[in-house]
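The values are calculated or read from the model by the stated rules, or taken from the named source; none is laboratory data. Just so we're clear, the structure is a prediction, and the values are computed from it rather than from any experiment. Here the Cβ positions follow ideal geometry from the backbone for every residue, glycine too, while neighbour counts run over all protein chains shown. What goes into the accessible areas is simple: the full protein's heavy atoms, side chains included, and nothing from ligands, DNA or RNA. Shrake-Rupley method; radii C 1.70, N 1.55, O 1.52, S 1.80 Å.
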Number of protein chains: 2
Amino acid sequence: MISRSNKSQWKVPEPALRRLPWYLAYAKLLKSKGETLVSSTQISKEISVDSSQVAKDLSYVNVAGKTRVGYDIDSLIVVLEDFLGFTISHKAFLFGAGSLGGALLHDSGLNQYGLDVIAAFDVSPELCGTTIGGIPVYSVDRFQEIRKKNKVSIGILTVPVNQAQKTADLMIEGGIKAIWNFTPYRIRVPEHIVIQDTSIYAHLAVMFNRLKG
Amino acid sequence: MISRSNKSQWKVPEPALRRLPWYLAYAKLLKSKGETLVSSTQISKEISVDSSQVAKDLSYVNVAGKTRVGYDIDSLIVVLEDFLGFTISHKAFLFGAGSLGGALLHDSGLNQYGLDVIAAFDVSPELCGTTIGGIPVYSVDRFQEIRKKNKVSIGILTVPVNQAQKTADLMIEGGIKAIWNFTPYRIRVPEHIVIQDTSIYAHLAVMFNRLKG
């Protein structure tokens with residue numbers, strides 16, 4: 001049996017996990033306005049998610065709402081940030097320091113959400129040996145060697161489409177456990193590998209198409 | 001009645017629109033390998049989408065596959081890029097030139113997918129009057145004035161959470177028709193406004209949680 005205190009370790013369904021950052025963002029907004037309490041009904045209205053769904057999502061997290069009063073905002077923020085992993089530093093490598101990759105290296109804001117990109121890899125001789133946004137760029141040939149010195153589980157994939165699968169395979173071979181895929185390519189990975197696709201180009205396609213209509 | 005030639009103007013379901021860039025990426029990959037033909041079965045296997053779904057998705061686009069032969073890869077690329085709007089330049093403004101916003105301004109690759117960010121707006125006196133990645137940053141007070149001189153329909157939202165809704169309202173008031181929301185805040189917009197959420201932090205949360213498991 002799993003004890004109640006281990007609840008936060010349970011597998012939370014992905015849709016719930018994806019909604020929790022919305023509640024966190026809203027709680028932070030309320031806090032900045034000086035509020036101290038928030039009900040699931042209020043969250044529901046603001047975020048346009050059914051209030052029973054909000055309550056269910058929050059039940060995965062170790063936070064207790066008080067009947068007719070709601071959740072204490074300060075606690076909600078602390079517990080959600082902790083649960084979502086934003087308060088611990090997770091080391092990551094970035095593969096492909098071109099246009100999008102280079103842009104992500106400039107985004108120091110990722111650090112505030114628990115992502116610490118410690119090195120980037122590229123094939124371009126002009127990029128290798130430089131730093132971008134303070135992060136060193138190495139030849140991809142040095143990945144295994146540098147991985148051995150650093151326990152890094154997350155790899156950000158920002159290479160060109162025709163290198164996407166090959167690079168993903170290399171990452172996994174080198175011990176990467178989770179791939180954040182920014183390429184429009186549907187890479188294939190073994191079942192135990194975590195994959196998240198951030199489909200920038202799909203979002204552009206939807207916007208362009210809807211604006212035409 | 002809508003004529004057959006207008007088919008590409010029809011409203012395509014969003015899930016189909018979001019899959020089309022995958023097929024495009026795969027077609028480009030095959031082309032780079034010297035291939036000339038691809039079947040929907042082959043696409044289906046590679047992308048892990050049901051082959052009848054692939055055929056249905058591609059039926060929204062004006063591209064004809066030949067029985068037992070498949071699609072001509074060159075035509076498929078041209079037609080998909082055109083259909084998805086990646087070949088026309090769509091002007092955009094960016095709101096919030098901080099860490100993530102600044103990073104996106106450095107991403108010249110967006111241009112290759114039809115997005116042309118022509119100006120950024122911010123409230124910080126240190127940023128206003130500068131350029132980031134060659135793109136001018138103005139005080140947000142000048143938005144209406146600059147919008148009047150430029151027909152811009154797309155706004156990229158990269159402000160802090162507590163400014164997200166207010167800034168979205170301002171964008172819409174100034175004539176923005178589509179908002180690309182990178183904040184973790186669920187902004188609310190009138191029905192005729194196109195919204196796309198790129199939930200970077202949700203992806204981080206899923207990766208962090210799954211790595212714990």
Inset, instruction - For the stretch A:14-83, report the convex hull volume of the alpha-carbon atoms normalised per residue, in Å³, without decimals. - result: 76
Legend entry - Where GluC sites (Glu not before Pro) fall in DSSP loop in the stretch A:124-213, at most 10 other Cβ within 10 Å: A:E126, A:E191
Inset, instruction - Before rounding to the nearest 500, sum -39500 (n - 2.57) across all DSSP H runs of length at least 4 in chain A and divide by the residue total; then give [θ] at 222 nm in deg cm²/dmol. - result: -13000 deg cm²/dmol
Legend entry - Teacher prompt: B:K166 distances to equivalent labels in other copies, 7 Å Cα→Cβ, nm: 5.0
Legend entry - Label distances, nm, B:E145 versus same residue in remaining copies, Cβ-directed 7 Å point: 5.5
Legend entry - Per residue, in Å², the accessible surface of the stretch B:90-205 once ligands and nucleic acids are set aside, probe 1.4 Å: 40
Inset, instruction - State to the nearest 20 debye the size of the charge dipole of chain A about its Cα centre, where the only charges are +1 on K and R beta carbons and -1 on D and E beta carbons. - result: 500
Inset, instruction - Any chance you could give the angle, 0 to 90 degrees and rounded to 10, that helix A:14-32 forms with the longest Cα principal axis of chain A? - result: 70
Legend entry - Pairwise burial B:A, computed as accessible area of each alone minus the pair, summed, 1.4 Å, Å²: 6400
Legend entry - For B:L29, net neighbour charge (Lys/Arg +1, Asp/Glu -1) across residues whose Cβ lies under 10 Å away: +1
Inset, instruction - Would you mind computing, in nm to one decimal, how far apart the modelled labels at B:Q144 and A:T67 are, each placed 7 Å from Cα along Cα→Cβ? - result: 5.1
Legend entry - Taking the convex hull of Cα positions in the protein assembly as shown, its mean projected area over all directions (nm²): 23.9
Legend entry - Whole-Hz couplings from phi, Karplus 6.51/-1.76/1.60, listed for the stretch A:55-71; x for Gly and Pro: 4, 5, 4, 6, 5, 6, 9, 7, 9, 9, x, 9, 3, 6, 10, x, 9
Inset, instruction - Report, by chain and number, residues whose modeled amide H sits under 5 Å from the one on B:K91, excluding near sequence neighbours (fewer than 5 apart, same chain). - result: B:D116, B:S153
Legend entry - Surrounding net charge for B:T158, when Lys and Arg each add one and Asp and Glu each subtract one, Cβ distance under 13 Å: -4
Inset, instruction - Provide the descending list of Cα extents for chain B along its principal axes, expressed in whole angstroms. - result: 62, 52, 34
Legend entry - Fraction of accessible area attributable to carbon and sulfur, the stretch B:59-213 (%, probe 1.4 Å): 51
Inset, instruction - Normalise the Debye intensity by I(0) for the stretch B:17-133, one equal point scatterer per Cα, no solvent, then take log10 at q = 0.16, 0.21 Å⁻¹ and round to two decimals. - result: -0.77, -1.05
Legend entry - Across B:K28/B:K56; B:K11/B:K177; A:K177/B:K56, pairs whose alpha-carbon gap is larger than 23 Å: A:K177/B:K56
Legend entry - Long-range HN-HN contacts of A:Y138 with modeled amide H, under 5 Å: A:A120, A:F121, A:D122, A:G129
Inset, instruction - Grab the other residues whose beta carbon is less than 14 angstrom from that of B:K149, score K and R as +1, D and E as -1, and report the net. - result: +4
Inset, instruction - Please go through the stretch B:83-177 and write out the chymotrypsin sites (Phe, Trp or Tyr not before Pro) that DSSP classes as loop and that have at most 11 other C-beta atoms within 10 Å. - result: none
Inset, instruction - Would you mind estimating how fast the stretch A:90-205 diffuses translationally, via Stokes-Einstein at 37 °C and 0.692 mPa s with the Kirkwood radius over Cα pairs, in µm²/s? - result: 233
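To the nearest 20 Debye, how big is the dipole of the stretch B:90-205 about its Cα centre, given +1 on the beta carbon of each Lys and Arg and -1 on that of each Asp and Glu?
280
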Legend entry - Proximal aspartates and glutamates to B:K33, defined as alpha-carbon separation beneath 18 angstrom and excluding residues fewer than eight positions away on the same chain: B:E46, B:D72, B:D74
Legend entry - Within 10 Å of each Cβ in B:100-111, the average number of Cβ atoms from other chains: 6
